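To start, I am sharing the structure in question, which I have written as structure tokens.
Bear in mind that the values in this text are calculations on the coordinates, not laboratory data. Note that the structure is a prediction, hence the values are computed from the model and not measured. All Cβ positions, glycine included, derive from the backbone under ideal geometry; neighbour counts span all protein chains shown.
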């Protein structure tokens, strides 16, 4: 990011060529048949990725945003019906669910599945409709909801599910259930179990 004399900010995103080739799963030059300068979808994906990098967001989220950016540049063909792929996705889901209290370690999952992180993200999204990061986050939120229902203690849920603090849990909880975890606990304490 830079600032010029006129007071305009602009964002420049440099992607190492080797990383770009890995993301698009190609070994040679990428050529574009049409100009991409006026592509609004591409613009939004560049801004989303640069925002995530500048705000030091989770590496998995940044990888998924990079993949989203590269997929908008290059059309990829992916079959979602292969039995081997289904078994890989099942195993990946089990690995994600088994480590909810930790930070998502995409590299470890990919190593276990013998896939590059970009192949894994693409495959997972093709099979589930959401990214591994969003799936992991959804599982953490669902687990936190279950713990709140069982223990009637919001801070146990925060710690057990690896959220930084209550604000972090509340933000994500609200995005899924439309209410904060704190409001949810208050409601179930006053009325018994609440159906979300």
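From the gyration tensor of the Cα coordinates in region 90-196, what semi-axes in whole Å does the equivalent ellipsoid have, largest first, with each one equal to sqrt(5λ)?
Output for region 90-196: semi-axes of 29, 13, 11 Å.
Given R₀ = 22 Å, FRET efficiency for residue 155-residue 57 by Cβ-Cβ distance, to 0.05?
0.35
Could you work out the percent of alpha carbon pairs in region 135-191 separated by over 14 Å, rounded to a whole number?
Percentage above 14 Å: 43.
Regarding region 83-128, what's the average projected area of the Cα-atom convex hull, expressed in nm²?
3.0
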